[in-house]
1. Could you list, in sequence order, the residues of the range B:349-371 that are surrounded by 14 or more Cβ atoms within 10 Å (Cβ to Cβ) and among the acidic types (D, E)?
2. Within the range B:316-324, is even one residue more than 30 Å from A:I317 (Cα to Cα), assigned to a loop (DSSP other than H, G, I, E, B) and out of contact with any Lys or Arg (no Cβ under 9 Å at 6 or more places or on another chain)?
3. When you go through (1) in contact with a strand residue (DSSP E or B) (Cβ under 7 Å, 6 or more places away or on another chain); (2) open to solvent by less than 30 Å² (accessible area, probe 1.4 Å); (3) not in a strand (DSSP E or B) one by one for A:E185, which number turns out not to apply?
4. Among the residues of the range A:101-121, which ones are in contact (Cβ under 8 Å) with a residue 12 or more places away in the chain and more than 23 Å from A:E23 (Cα to Cα)?
5. Which of the following residues is of a type in the set (K, R) and touching a strand residue (DSSP E or B) at 6+ places or on another chain (Cβ under 6 Å): A:K248, A:K216?
6. Just to be sure I understand, how many residues within the range B:114-131 are facing chain A (nearest Cβ under 8 Å) and open to solvent by less than 10 Å² (accessible area, probe 1.4 Å)?
7. For the subset of the range B:224-238 comprising residues that are open to solvent by 40 Å² or more (accessible area, probe 1.4 Å) and in a helix (DSSP H, G or I), which member is farthest from B:G152 (Cα to Cα)?
8. In the range B:81-113, which residue that is of a type in the set (D, E) and within 11 Å of another protein chain (Cβ to nearest Cβ) is most open to solvent (accessible area, probe 1.4 Å)?
Amino acid sequence: MKITTYAQNLHDLNLIKDQGITEVILAHKNFARFGKLSTEEFISLSSRAHEFSLRVLFEWDILMTETTFQEVIQELPDLIKHVDVLRVQDPGALHWAIHHTDRPLQFIAENGNHNARALKEWIAHAPGRMERIILSIELSKAVIEEYVQTLTVPCELLGFGRILLFYTPRSLLSPLAPEKLIQNEEILALGESEESPHKGFPILENRHGTFMFHIKEFCLVEFSTELRDMGLQYFRVDLRWDKMEHLKILKSSIDNYKTEIFDTFKDEYAQDLMRGFYLVNKTDVLFPKLKNHRLQKREGHYLGEVMDAEKGSHLAISLKKDLRKSDKLKILHPKGKEFEVEIFSLRNLSLEDVDIVEAGSVALIQYMNGVWVKSQVFLA
Amino acid sequence: MSEQFVPEVLAPAGGLDKLKVAVLYGASAVYVGGQKFGLRTAADNFTLDELTEGVCFAHAHGSKVYVVLNSFLHDKDLSELPEFVAHLEAIKVDAVIVSDLGVVQTVRDLSTIPIHVSTQASTLNVEAAKLWKKMGATRIVLGREVSIKEAGIIKRQAGVEVELFIHGSMCMAYSGNCVISNFTQGRDSNRGGCAHSCRFEYSLDMGLDTEEKKKAFFMSSKDLEGLRVLPEFIKEEIDSLKIEGRMKSHLYAGTMSKVYSEALKYYAQNGNFLSDDLVSWEAELSKVSHRSYTKASLVEKADATSIFNERENSNENEWQMLGTVVEANAKAGIVIEVRNAFNQGDLLEIVPFLGPAILINANEIVDLLMRPLTRTKPTTLVRLPYREGVLAQHLIRQKVH
Ligand code: SF4
């Protein structure tokens, strides 16, 4: 299992080289969400990386409306000469890269793409060119294992770094920031809300919009042996907001995990760490509770709903099907109690005694003790 | 005058009743969710029988039905999809709305149902649209960050139908790119579990010297409203104008369908919007509850004025839905299913499917058994004297503030 990581300057690059890492992700400020490198800086860093025999991965992970897309692709031909691989996230960038470049491609499938079928289709879409898929950190280990073993290209997973929660192109901090901050390339803030138990969400605004991160950072270093045994090919370390010097201990822990050493690191590390959904993803278990089960029973013999009920007088039922005087009914109270009812009085809304009331209309039958408005009515 | 291009008005329908309301009030298409695979977990949603009935009803009135399958499905969810797709094909739904490539391929394998790529996929440019078209999509519901002009370019250059939101609440994030709920509340926002954390008030520490933190609803978006830029949608031949809001009320579904379809009809007939009706349509839009309106990115990139820096619900609506006409004829009178109580003597507005509201003074209210009432109660049926022009399914509202 190889480590991949970002360099933002020559110092980072030297640290990467010293750790025996073989590739580096470079982020240009116009193409990458958190890129800081100008074209000049990018080209210079890229050539130094090549001198260090590092493979240069070009991160193009912004999402782009057509206007932005047209602007940024003007710059690409000059940059592509200096990189070995394109990493793309916007499907438009993927399509463009397939047709306008000859570089190998890596697809960032971190957003959604939680089924093998989707991932296989992305790979199949760039035959012979797709060299890596970057998986979502919302996947559990069982799913990661399955994908690593069944996908036809190597997989990469974020193993250490910030968790991006939110990405908008709108500038949300600058309307609140004082003039001196607005001049900066980026505005930073920590956010907390009384409506959330979490405090201190890092928020960043830059030329690409506004981003919010989790208060804890993502860490799968403890599971590095397991991930290697599964066959995961690339473990990404993202230290762009922390000290790049941590790369050394992280690299040695990933290669050869020692609990005591890593526990000490964790204790001293500035941020709390979390493993997210690595052990299990149960983010859909609450959904059945959000649904009203009574509403889900409207199948089969469902006749309609009680719209009006008057003790000693009538029940008025909105009808989805014709109702005949000879019909027998089952009525389900909103709280679950069931009633069997034989009809002996059937009237229409003009209060006429009838033998049938048609679907789409309202029927009045005799009152039944205990039945309320919103009770559901079925043909027995 | 040459034949005027008229976009489709695509209204939300959170349940069968709302589907009927939207169709009767003029929506040329509705989008609905089944019990699974869509994003509105807490919505009423449709049973299979209701979907069948809804499709029959819409088709009988010349409207289309699109079914949302726009969750980012996990493998286990995907395995349950084929049976549902077979049902959708059998009842002849007009399209499915999909955001996940695995779902696109599953639908393609099993059916000939047209595939619309959901806004959840955040398709924003020509190249992305071309790619989705190759994957089998016939229409792209573009991201809300796309301008009308850009949407026109995407349509022409990618050769695919395009749909753009024209009205409703907005996700502040690029759709599908917010996992706040997933990581802070354990609810997958991309499978229907969004907890609306972007609507919270936040204290922001910007590292200033002062102790004071900025308090703001800085991540909350105003609601989209595109009525005044309808000519731009028409000029760019945007195929479908989408109204957000499957969780919203009957009054919302009806009002939006009516206003946008009437406005488009007017334009088709007159080739302009130089009409007093524009003011009345805007007045109608303000009669349903909403946050402050913005054009967001429809014309220019959304700026600071698109942020809704207010507490939710502080924008109390002046108008309230009172109920729905269940039946209206000379014998039965106007039978109303009451949702919110009203009093004898109140002035009610009955919203017809076409044209201006019918005003009625509720001087003579009786219950189902013809006994006089001075005040109605919610969840009851009451009668008013019959009035020509009032039809079953008409919605009734009242000014309350
Ligand atoms: S929290 Fe807000 S931005 Fe995030 S998914 Fe929900 S509505 Fe969209």
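The values are calculated or read from the model by the stated rules, or taken from the named source; none is laboratory data. Everything numeric in this text was worked out from a predicted model, so none of it was measured. Cβ atoms come from the backbone with ideal geometry, glycine included; neighbour counts cover every protein chain shown. Ligands, DNA and RNA are excluded from the accessible area calculation, which covers all protein heavy atoms including side chains. Shrake-Rupley method; radii C 1.70, N 1.55, O 1.52, S 1.80 Å.
1. First pass over the range B:349-371, keeping only residues surrounded by 14 or more Cβ atoms within 10 Å (Cβ to Cβ): B:349-353, B:357-358, B:360, B:362, B:365-368.
Across the range B:349-371, the qualifying residues are B:E349, B:D367.
2. Here is the first cut: in the range B:316-324, the residues more than 30 Å from A:I317 (Cα to Cα) are B:316-318.
After this cut, where a residue has to be assigned to a loop (DSSP other than H, G, I, E, B) as well, the list is B:316-318.
Retained after the next criterion (residues that are out of contact with any Lys or Arg (no Cβ under 9 Å at 6 or more places or on another chain)): B:316.
The answer is yes; a qualifying residue exists.
3. (2)
4. A:N111, A:G112, A:N113, A:H114, A:A116, A:L119, A:K120, listed by residue number.
5. Details: A:K248 fails: touching a strand residue (DSSP E or B) at 6+ places or on another chain (Cβ under 6 Å).
Going through A:K248, A:K216 in turn, the sole match is A:K216.
6. 8
7. Within the range B:224-238, the subset open to solvent by 40 Å² or more (accessible area, probe 1.4 Å) is B:228, B:232, B:235, B:237.
Applying the additional criterion that residues be in a helix (DSSP H, G or I) yields B:228, B:232, B:235.
Working: B:R228: 18, B:E232: 10, B:K235: 9 Å.
Selected residue: B:R228.
8. Going residue by residue through the range B:81-113, those that are of a type in the set (D, E) are B:83, B:89, B:94, B:100, B:109.
In the following step, the residues that additionally are within 11 Å of another protein chain (Cβ to nearest Cβ) were identified as B:100, B:109.
Details: B:D100: 4, B:D109: 100 Å².
Ranking the qualifying residues of the range B:81-113, first place goes to B:D109.
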